[in-house]
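The values are calculated or read from the model by the stated rules, or taken from the named source; none is laboratory data. Quick caveat, the model's predicted, so the values are computed rather than measured. Cβ placement follows ideal geometry from the backbone for every residue including glycine, while neighbour counts extend to all protein chains displayed.
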Amino acid sequence: MTTPSASSEHPFAPISAWPVLITELVLLAGLLAVFRQAGALMLLVILVTLPGFFIVGPNMARVLVLFGKYKGTVRKQGFFWTNPFTLKHKLSLKVHNIASETIKVNDSRGNPIEIGAVVVWQVRDTAQALFDVEDYASYVDIQAETSVRAIASSHPYDEGGEEDVVSLRGDSTQVAHELQAMLAEQLERAGIEVLESRISHLAYAPEIAQAMLQRQQAEAIIAARAKIVEGAVSMVQHALDDLSERGVVELDGERRASMVSNLLVVLCGQENARPIITAG
């Protein structure tokens, strides 16, 4: 099966409509004054040529097709005239944005998540947008949803304690760039340029949200405890070295171990320390 070649936009330069309109009105007025019977003929000519007039507004384009053949695209603003039998398809060159529906999909670890995205796009090639896909706006919607699904299933929701992992929650900028690159590739055949894409909604599915929240809280507590212990060990080591260098007290192995234990309890405990002073 051979793939049809992609269409390509090329400009078309129509003539200004004002000289044509003025000429037709002058001729009509002159003929009506001289030959009343010729006025009907001239009126018929005007009616036939009337469909040739068209207007191109700001950020709009007209794709011209004559007897099934693509003649070109008019992007220039103004009032123009061309062959009255030419079909003039109107396309918007304005920037569009779509917010995909929140969809449920499994991430790379199999966890069900909810995700949505916002895509900003613009028509780049009017010929491709009109001739190479059935409905380019609907095509963008469908490709945006499939791309969001593909990106979500190729990354985990979060790092989960792993290093060098691109996660949806922790690396949203990189994920957005991947989504934009994937969409740009998919929409190239439709002549659509992707200007921006970003994740607009990201959450665990309701059925596992509570369990995942407890896991995140546990991971945060463990990470915080590890940081506290690391700092406490460093402080104890510094205290012992300082006492030894200054000769404040001589500690044998047992008393040294006892001091280390007490200092770690004080530094790592959640409650305020209650020192006991030995007077004997």
Is it the case, given these coordinates, that Asn59 is within 30 Å of Ser153 (Cα to Cα) and either in contact with a helix residue (DSSP H, G or I) (Cβ under 7 Å, 6 or more places away or on another chain) or at pLDDT 85 or above (or both)? no
Could you check the stretch 58-83 and list, in sequence order, the residues that are exposed (fewer than 13 other Cβ atoms within 10 Å of the Cβ) and farther than 18 Å from Glu9 by Cβ? Pro58, Phe67
Find the residue count for the stretch 171-206, including only residues that are under 24 Å from Ser138 (Cα atoms), among the small types (Gly, Ala, Ser) and assigned to a helix (DSSP H, G or I). 4
Taking the stretch 92-112 and keeping residues surrounded by fewer than 17 Cβ atoms within 10 Å (Cβ to Cβ), touching a helix residue (DSSP H, G or I) at 6+ places or on another chain (Cβ under 7 Å) and within 20 Å of Ala184 (Cβ to Cβ) leaves Ile98
Could you tell me which of the residues Leu21, Leu50, Leu31 is surrounded by 12 or more Cβ atoms within 10 Å (Cβ to Cβ) and modelled with pLDDT under 75? Leu31
Filter the stretch 154-183 down to the residues that are free of Cβ contacts under 8 Å to residues at least 40 places away in the same chain and touching a Gly at 6+ places or on another chain (Cβ under 9 Å), then identify the one that is surrounded by the most Cβ atoms within 10 Å (Cβ to Cβ). Ser167
Here the residues within the stretch 112-170 that are among the aromatic types (Phe, Trp, Tyr) and outside any strand (DSSP E or B) are Phe131, Tyr136, Tyr139, Tyr157
Please state which one of Ile151, Ile115 is buried (at least 20 other Cβ atoms within 10 Å of the Cβ), free of Cβ contacts under 8 Å to residues at least 40 places away in the same chain and of a type in the set (Val, Ile, Thr). Ile151
